[in-house]
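A short write-up of the structure that comes next.
The values are calculated or read from the model by the stated rules, or taken from the named source; none is laboratory data. Everything numeric in this text was worked out from a predicted model, so none of it was measured. For neighbour counting, all protein chains shown are included, and Cβ atoms are generated from backbone atoms with ideal geometry for every residue, glycine included. When the accessible area is computed, the model is the full protein with side chains, heavy atoms only, and any ligands, DNA or RNA have been set aside. Shrake-Rupley method; radii C 1.70, N 1.55, O 1.52, S 1.80 Å.
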Amino acid sequence: MQYLDKSDSRLKLALQVTNTGIWEWDLVTGQLSWSETIEQLFGIGSGMLAGNYKTFFKRILPSDRRLVKATIARAIKKQTEYRTEFRIRHPDGSIRWLTSQGEVYRDSNRKPIKVVGLCMDITPNKQVEAALARSEVKWRSLIQNSSDLIAILAADGTILYESPASERILGYSSDELVGKPVFNYIAPQEQNAIAQAIQNLLKAGHKATFPPIVFHLLCKDGTWCCVEASGTNLLADEAVEGIVINARDVTKRFQALRDLKHTQDQLVEIDKMANLGQLVAGVAHEINDPVSFISGNIIYACDYVQDLLKVIKLYRQYYPHPEAEILAEIEEIDLDFMIEDLPKLLKSMKVGAERIHQIVLSLRSISRPDEFKMKPVDIHQGIDDTLMILQNRLKAKRGSPEIKVTKNYDQLPLVECHTGQLNQVFMNLINNAIDALEEARLSSLQGPDDTSCSLPFIHISTEAKEDNRVIIKIADNGTGMTAQVKDKIFDCFFSTKPDTGNGLGLWISHKIIVEKHQGRLHCLSAPGQGTEFIIEIPIKHSHDSC
Ligand SMILES: Nc1ncnc2c1ncn2[C@@H]1O[C@H](COP(=O)(O)OP(=O)(O)O)[C@@H](O)[C@H]1O
Ligand SMILES: [Mg+2]
């Protein structure tokens, strides 16, 4: 049944142009009439729609029928206007979206008598809508699942949006951050640089960006997270209206870089020490021969001088009145003083040369490169050599007394070890003891009274144990250590000596004793109580551990 057949032709044209169908449902007779566009909208030929409500409903997808029915029923019951959207299936199987909008007419008793509606195909709109929704879901899920932090800031730095990555990286939920100034979370010393970058971005205008900046963000647990962030000015973009910040957590990367730098420094230090060892060994070797000449020949020089002095004595006895020229010369050179002083002078030269000889021997034995295999050695010799080299640090100097070294050596068998490395440990421990004694002296001078200050000493003792172990203890009455310092002394680069320490001595010593000799190195210490380092190493090693 055709509707509007004879109706106003201008209305008909308008409906045709907008592809709008019109229908009328007579609630009294149940008759449904429609314009021909309705049939086009339903994809059927003219006259194929039976003129009742049921056949119309059959064309709607079953899942949408209930909504349409309910909407129209509600309009009939309560309101006069309604609007609904539903899907229909065309005879070719394709699905189309239609919208129907209409009005219920009533008689003078407010009894509904007919419903008049317009029908339009909104499939293209629905497709655009669906595509938009899909795209929105896609972008949202990209942002939400991104491992990077994505934030939108207002021009004044207020956080307008924060992606969920903030929870994983910083510990704050997005809700906790939105509305807060971003500067609340930036490390104070880095705030200026970020504020400047944002200012530049605002000046540069729409779509301007700033290159990645590295700075620190405060996490909820109070720690700092190192991020690398770039920004884009999208304030003029209607969809964003803010500055978009992309930040990546680079804490681990920076930590790895720091570790690498640390290892590099370690290697440089170790290399420096190895070079120094070689240099010392070379110098000691070169000095050894000339020093041997001096100390060997000085004995003959003493004998010759004694003989000459004897001859002079005899001359003076038998020729008590020499010529005036000889007398003048005797006076000039003060012969009597020379006769008295020369033997003393030669004696001190002999002692000095002997000392040099001993030091050179100790330097040679200490800096001698270790062989691959351990060798049985006299540990006491290594300690004595070390003390010989450190003599200058031990003796009294202006204002500071001599550091007394006492030894209590047990009868030790030869101990299998890498001598050079073990001597390095003795050197580190004794040097540290001297440092602690010097520090104690300095602080006692600054203290309120220094009467309680006892004389500085280092006590070294050794002991052979039944169970294939030798124990070497090096104790001092220096500053001692607090528990916090004691906890860290074997850490690489840990030092409490700001100008002179490199913090490698105990780290290397620990490695030498524990890793290279399967031993133990520990210490007893308390502030003001001095320090004792205890080395334990096996006397003999099983073959595979050597
Ligand atoms: N005998 C000691 N008495 C007091 N403190 C010591 C002693 N030996 C080591 N220490 C502490 O251990 C730290 C680390 O020692 P070390 O690794 O040799 O490095 P460095 O001597 O270069 O500081 C020292 O800085 C010091 O604080
Ligand atoms: Mg040291």
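Before moving on, here are some points about what is shown:
- Only one entry in I270, I298, I359 is open to solvent by less than 50 Å² (accessible area, probe 1.4 Å) and out of contact with any Pro (no Cβ under 8 Å at 6 or more places or on another chain), namely I298.
- Near pairs, Cβ below 7 angstrom, 6+ apart or cross-chain, from the range 59-80 (over 18 Å from I38 (Cα atoms) and of a type in the set (S, T, Y)) to any residue that is open to solvent by less than 90 Å² (accessible area, probe 1.4 Å) and at pLDDT 90 or above: T71/T84; T80/E103; T80/V104
- Residue in the range 509-518 that is in contact (Cβ under 8 Å) with a residue 12 or more places away in the chain, more than 12 Å from ligand 1 (Cβ to nearest atom) and open to solvent by 40 Å² or more (accessible area, probe 1.4 Å) present: yes
- Positions within the range 108-128 being closer than 25 Å to F57 by Cβ and open to solvent by 50 Å² or more (accessible area, probe 1.4 Å), in sequence order: K111, I113, K114, L118, M120, P124, N125, Q127
- G47 vs. criteria touching a Cys at 6+ places or on another chain (Cβ under 7 Å) and outside any helix (DSSP H, G or I): no
- When R253 is tested against (1) touching an Asp or Glu at 6+ places or on another chain (Cβ under 7 Å); (2) under 30 Å from L149 (Cα atoms), exactly one condition is not met: (1).
- Residue match in the range 383-405 (condition: aliphatic (A, V, I, L, M) and open to solvent by 50 Å² or more (accessible area, probe 1.4 Å)): yes
Let's see how each residue does on (1) without any contact (Cβ under 8 Å) to a residue 24 or more places away in the chain; (2) in a helix (DSSP H, G or I); (3) surrounded by fewer than 14 Cβ atoms within 10 Å (Cβ to Cβ); (4) at positive phi:
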| residue | (1), (2), (3), (4) |
| --- | --- |
| F210 | yes, no, no, no |
| L217 | no, no, no, no |
| D221 | no, no, yes, no |
| I243 | no, no, no, no |
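- Annotation note: of E190, E176, the sole residue that is more than 22 Å from the chain's Cα centre (by Cα) and either closer than 20 Å to R140 by Cβ or charged (D, E, K, R) (or both) is E176.
- Members of the range 22-47 found to be over 29 Å from K111 (Cα atoms) and among the aliphatic types (A, V, I, L, M), listed by number: L41, I44
- Close pairs from the range 174-203: first touching a residue at least 12 places away in the same chain (Cβ under 8 Å), partner open to solvent by 40 Å² or more (accessible area, probe 1.4 Å) and hydroxyl-bearing (S, T, Y), Cβ under 7 Å, at least 6 apart: V178/Y161
- Test result for G420, modelled with pLDDT of 90 or more, open to solvent by less than 20 Å² (accessible area, probe 1.4 Å) and of a type outside the set (A, V, I, L, M, F, W, C): no
Every residue, every condition in (1) more than 26 Å from T406 (Cα to Cα); (2) in contact with a Pro (Cβ under 7 Å, 6 or more places away or on another chain); (3) more than 13 Å from ligand 2 (Cβ to nearest atom), yes or no:
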residue: E439; (1), (2), (3): no, no, no
residue: I458; (1), (2), (3): no, no, yes
residue: A483; (1), (2), (3): yes, no, yes
residue: C492; (1), (2), (3): yes, no, no
residue: G505; (1), (2), (3): no, no, no
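- Set side by side, the residues C523, C492, C453 differ, and just one is modelled with pLDDT under 90, within 15 Å of ligand 1 (Cβ to nearest atom) and surrounded by fewer than 21 Cβ atoms within 10 Å (Cβ to Cβ), which is C492.
- Of the helices (runs of 4 or more DSSP H) lying entirely inside the range 307-389, those containing at least 1 residues that are of a type outside the set (D, E), in the same structural domain as V291 (by TED's automatic domain parsing) and within 30 Å of T406 (Cα to Cα) are 335-367.
- Checking G21, G43, G47 one by one, the residue that is under 23 Å from S94 (Cβ atoms), open to solvent by less than 30 Å² (accessible area, probe 1.4 Å) and either in contact (Cβ under 8 Å) with a residue 60 or more places away in the chain or assigned by TED's automatic domain parsing to the domain that holds V104 (or both) is G21 and no other.
- Under the condition of being surrounded by fewer than 19 Cβ atoms within 10 Å (Cβ to Cβ) and farther than 16 Å from S146 by Cβ, the residues counted in the range 157-171 number 4.
- Checking E439 against (1) open to solvent by 90 Å² or more (accessible area, probe 1.4 Å); (2) not in a helix (DSSP H, G or I), the condition it does not meet: (2)
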